[in-house]
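Visitor: Supplied in structure tokens, the structure appears directly below.
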Amino acid sequence: MSDARPMTRTIDTGDCSRRFKILAIPGSLRRQSYNRGLLEAARQLAPVGVEMQIIDLAEIPHFNSDVEEQGDPAAVALFKEQIRRADALLIATPEYNSSIPGALKDALDWASRPAAESVLRGKPVAIISASPGRFGAVRGQRALRQVLDHTGARVLAVPEVLVARAGELFDEAGKLQDEETRARIRALIEVLVTWSRSHQAELVAA
Ligand SMILES: Cc1cc2nc3c(=O)[nH]c(=O)nc-3n(C[C@H](O)[C@H](O)[C@H](O)COP(=O)(O)O)c2cc1C
């Protein structure tokens, strides 16, 4: 199915009584992923009125222009529609060799096309990351920011949530137990919602 829609943007009136929809995207396909675990915690911590859907990128194929010419595969069409409908994205990325996992890059490449109609353009995005190492995937976050900036997404600058030594913060069931990290995630969601709403109000006023 080719995406031949005109360039449209969902513009909210800033109406706080409407539910705010966050699409949560884990960059890892691993079942016990720490990054997925951060998103599970985020969903539990989200304030009233905020709805969070966590998706899986496993079905999204590698980006291939030949396939794109034939029309988006079903998993890609669904992914684009989920982004289109979301008020904001929350992406949790691991760091793979100082960058982001290929699965996440492929998914963003699909979503960025065709460039003039990209569902990422103007979309508010917050980034979080976890690593078992000391730096919390800081280079992965930087790489993700660079990709998103290129797509025209609006990426929240602060607060930065980098979760280092993730292996010590989750229990055996994969639940984030660390209270300080939980508080930082809660604060990030609150800022994301407020910031996205003010951006939407700006678009309405413009
Ligand atoms: C191919 C590969 C490359 C990796 N490179 C890095 C790296 O550059 N920096 C880092 O902190 N961790 C690196 N790691 C370790 C990941 O941080 C670790 O596997 C982490 O648990 C992945 O996130 P997840 O738990 O959400 O799956 C790498 C892991 C893999 C599989």
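Visitor: Identify the residues of segment 89-105 with backbone N under 17 Å of a label point that sits 7 angstrom from the Cα of Arg142 along the Cα-to-Cβ direction, or state none.
Guide: 93-101
Visitor: Where both residues lie in the chain, what percent of DSSP beta bridges are antiparallel, nearest 5?
Guide: 10
Visitor: A further question on this structure: Mind checking which lysines have their C-alpha under 19 Å from Lys21, skipping anything on the same chain fewer than 8 residues away?
Guide: Hits, sequence-local ones excluded: Lys80, Lys123.
Visitor: Right, something else. Please list, or write none, the aspartates and glutamates whose alpha carbon is within less than 17 Å of the alpha carbon of Lys175, excluding same-chain residues fewer than 8 places away.
Guide: Glu40
Visitor: Also, quick follow-up: With unit charges on the beta carbons (Lys and Arg positive, Asp and Glu negative) and the dipole taken about the Cα centre of the chain, which residue among Ala103, Val119, Ala88 sits farthest to the positive side?
Guide: Looking along the dipole axis, the top candidate is Ala88.
Visitor: Next up: With no solvent and one equal point scatterer per Cα, compute the Debye intensity ratio I(q)/I(0) for segment 20-205 at 0.09, 0.18 Å⁻¹ and report its log10, rounded to two decimals.
Guide: -0.30, -1.21
Visitor: Pop a pseudo-label 7 angstrom from the Cα along the beta-carbon direction at both Arg121 and Arg134 and give the gap in nm to one decimal.
Guide: Here the answer is 4.4 nm between the modelled labels.
Visitor: Are there trypsin sites (Lys or Arg not before Pro) in segment 166-205 that DSSP marks as loop and that have at most 16 other Cβ atoms within 10 Å, and which are they?
Guide: When the trypsin sites (Lys or Arg not before Pro) of segment 166-205 are filtered for loop state and at most 16 Cβ neighbours within 10 Å, Lys175 remain.
Visitor: Write down the Kirkwood hydrodynamic radius of segment 114-206, to one decimal in angstroms, obtained as one divided by the mean of 1/r over all alpha carbon pairs.
Guide: 14.8
Visitor: Using a 7 Å offset from the Cα along the Cα-to-Cβ direction at both His150 and Ser98, what is the distance between the two label points in nm, to one decimal?
Guide: Calculated label separation equals 1.7 nm.
Visitor: Can I ask one more? Listing Val191, Val48 from the residue with the fewest other Cβ atoms within 10 Å to the one with the most, what is the order?
Guide: Listed from fewest to most nearby Cβ atoms, that is Val48, Val191.
All of the numbers you see were taken from the coordinates with simple rules; none came from a lab. Since the structure is predicted, the reported quantities are computational estimates derived from the model, not experimental observations. Positions of Cβ are backbone-derived with ideal geometry, glycine not excepted, and every protein chain shown enters the neighbour counts.
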